[in-house]
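The values are calculated or read from the model by the stated rules, or taken from the named source; none is laboratory data. This one's a predicted model, so the numbers in the text were calculated from it and none came from an experiment. Cβ: placed from backbone, ideal geometry, glycine included. Neighbour counts: every protein chain shown.
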């Protein structure tokens, strides 16, 4: 095997990542020499035990690298290693860069101008709408939006970027041939057409929990800064924020309702020095990038044919549910007028009925 195939083969061993590969290269000088080393010599390398040593030795026939290359060719995936033109240069600046990156789609030089948007897998309407809109506006400003294609905030971020006519990159905690969560199959196809799906894990890797912290360091490593939209105390998004800080990246946090558990993580970040943001203009200002256009505050651009009644209702509605009675009191309109207005606004997809009342979608 050549050096390139040796690195790809070593990367298929689950217990070998950037750290252990760096130790192997330091000890043996090359991946090829590591594969051909004796069990005794391999076990002398920090982090390499007998099981891992035997797995390394089993790669000598070259079949693992051949199989990975075959799968890549059949599925249109680029397998890149450090030093390849397609390898994302931003990742070379993080501690123990991934030895191998699988790319489904295209990574462009312009993707260096990127922002990561992450958060809870079970967000509220406020978080979903905010992530979608923020990512849409970021895309309109030329940012590539990076996220993890997980349920919730991540998915909203990817969809928002695509809606803004921009590019988006999904970093997976599984193989690029494994769609996770499975309901994101359609979204994965759209991301491939408007950016890329990438992973450091070989084909067929399942989304094991231990994979996601490794995934998160790549998300932050690719971006100029990381935005946390909604996150509870133990949210994985906070791990991404920690990696961003270690990598010298800016951390942005969207404030939320003080009694909402999903605000605990973001508010804690703000207390620790994260930049509080209310929209894309705050990010651009912090990064010292001039804003190029005006952006809508919510999901839908303001429509010109709004009646005075609709305008009053939209003015009082936000992301916290309000009952019809609440809206009557807040607007001063009669109950029948409010009821009819709510129906009209729902038909125009400007508001939504949820548990507890109505919320604005823009």
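Tabulated data
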read-out: Some residue of segment 254-262 being assigned by TED's automatic domain parsing to the domain that holds residue 209, crowded, with 16+ Cβ neighbours inside 10 Å, over 27 Å from residue 141 (Cα atoms) and modelled with pLDDT under 95; value: yes
read-out: Evaluation of residue 37 against (1) part of a loop (DSSP other than H, G, I, E, B); (2) in contact (Cβ under 8 Å) with a residue 12 or more places away in the chain; (3) under 29 Å from the mean Cα position of the chain (by Cα) (one fails), failing number; value: (3)
read-out: Sole residue being surrounded by fewer than 24 Cβ atoms within 10 Å (Cβ to Cβ) and outside any helix (DSSP H, G or I), chosen from 208, 201; value: 208
read-out: Restricting segment 73-82 to residues that are within 16 Å of residue 104 (Cβ to Cβ) and touching a residue at least 60 places away in the same chain (Cβ under 8 Å), the residue that is surrounded by the fewest Cβ atoms within 10 Å (Cβ to Cβ); value: 75
read-out: Of residues in segment 162-181 being outside any loop (DSSP other than H, G, I, E, B) and modelled with pLDDT of 95 or more, the one farthest from residue 208 (Cα to Cα); value: 162
read-out: Selection count, segment 44-62, where residues are surrounded by 12 or more Cβ atoms within 10 Å (Cβ to Cβ) and either part of a helix (DSSP H, G or I) or outside the structural domain of residue 19 (by TED's automatic domain parsing) (or both); value: 9
read-out: Odd one out for residue 234, checked against (1) assigned to a loop (DSSP other than H, G, I, E, B); (2) free of Cβ contacts under 8 Å to residues at least 60 places away in the same chain; (3) surrounded by 13 or more Cβ atoms within 10 Å (Cβ to Cβ); value: (3)
read-out: Hits in segment 119-149 (condition: within 15 Å of the chain's Cα centre (by Cα) and assigned to a loop (DSSP other than H, G, I, E, B)); value: 119, 120, 121, 122, 123, 143, 148, 149
read-out: Boolean, residue 242 is within 30 Å of residue 173 (Cβ to Cβ), in a helix (DSSP H, G or I) and free of Cβ contacts under 8 Å to residues at least 24 places away in the same chain; value: yes
read-out: Boolean, residue 303 is modelled with pLDDT under 90, assigned to a helix (DSSP H, G or I) and not assigned by TED's automatic domain parsing to the domain that holds residue 258; value: no
read-out: Matching residues in segment 82-118 - criterion: being on the phi > 0 side of the Ramachandran plot and assigned to a loop (DSSP other than H, G, I, E, B); value: 83, 96
read-out: Complete set of residues in segment 317-336 that are surrounded by fewer than 16 Cβ atoms within 10 Å (Cβ to Cβ) and part of a helix (DSSP H, G or I); value: 324, 325, 329, 330, 335, 336
